[in-house]
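See structure below.
Rule-based calculations on the coordinates, nothing more; no lab input. Not measured: the values here are computed from a predicted model. Neighbour counts run over all protein chains shown; Cβ positions are idealised from the backbone, glycine included.
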Amino acid sequence: QRRGGDAIAALPWRGSTVIETVVATLERARLTEIVVVTGHRGDEVAAALAGTTARCIPNPHYEAGGMLSSIQIGLNGIRVRHASEQTPGVDGGGPVATTLPLAAPQMAAALMCVGDQPQMEGATVEAVLAEGRRTGWQRVIIPSYRMRAGHPILIPSSLWLQIMNTTESLRTALRSREDLLSYLNVDTDSILADLDTPEDYARATTPQGE
C-alpha cells in the first residue's frame with residue numbers, strides 16, 4: 001500500500017494537523033533543529049508549519065525516490081546549511097518529514113521520525129535521546145515494543161554519509177552495520193502506529209463505538 005505522505009500530514013488531528021502534532025512533540029524535546037522533507041501537497045504542509053520552528057525542504061523526487069530520497073535530501077540539506085559551523089550540536093539534533101526528520105553535520109545524531117505518526121509520544125522521544133546520550137551518540141537506537149521495531153530512530157552522524165550514498169533502502173543500510181544497532185524496549189505500541197493510508201486515518205479519527 002502506498003503511504004499517505006503529505007496528503008495525510010496536512011489533515012486535521014485533535015485540534016491541529018497531523019504534521020503539526022509531530023513537530024510539536026519534537027519541539028518539546030528541545031532538539032537543535034527540526035527539518036521536514038515534503039513531497040506531494042508540500043505547500044499545504046509548509047503552510048501548516050508556518051508558526052513552528054520547523055524548516056521545510058521539498059523533495060522533487062518524492063514519487064520515484066520514496067522515503068529513502070527524503071531522508072537523503074533532509075540530511076544533505078542539513079549538512080549544507082551547517083557546513084561552516086564549528087560548534088557541536090546539543091542532544092543530537094532532530095528533524096521530521098512527511099516520512100522523517102534529520103539533524104546536522106556538526107551534530108551528534110539525527111532523530112528520524114515519520115510525519116504521519118501523530119501518535120508518537122514525547123516520553124518515547126526522550127527515552128531514545130537519553131539512550132543515545134548514554135551510548136555517546138555512537139549507536140543506532142531503535143525503539144522496540146514486544147520484539148517489533150518502530151519509530152523514531154536515532155542515527156549517529158558517523159552513518160550519515162553511508163545513508164546519503166546508498167542506493168538500497170534505509171533498512172538495508174542499517175543492517176549492514178548491525179554492530180551499531182541497539183534496540184530499546186518501550187512499553188507503548190505507539191511506536192508502531194502511523195497513518196499510512198486514508199483508511200488508517202479514518203480508523204484513528206473515528207470515535208469508538210461508531
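Under 5 Å between amide hydrogens, which residues at least 5 positions from CYS56 or on another chain qualify, with H placed 1.01 Å from N in the peptide plane?
Sorted by chain and number, the residues that satisfy this are VAL36.
For the range 64-70, what does the Karplus curve 6.51 cos²θ - 1.76 cosθ + 1.60, with θ = phi - 60°, yield as ³J(HN,Hα) per residue in whole Hz, taken in order and with x for Gly and Pro?
Using θ = phi - 60°, the values come out as 8, x, x, 4, 4, 5, 5 Hz.
With +1 on each Lys and Arg Cβ and -1 on each Asp and Glu Cβ, and nothing else charged, work out how big the dipole of the range 138-201 is about its Cα centre, in Debye to the nearest 20. Write out the running numbers ahead of the final one.
Values: 6 positive and 9 negative charges, 75 e Å.
Computed charge dipole of the range 138-201: roughly 360 debye.
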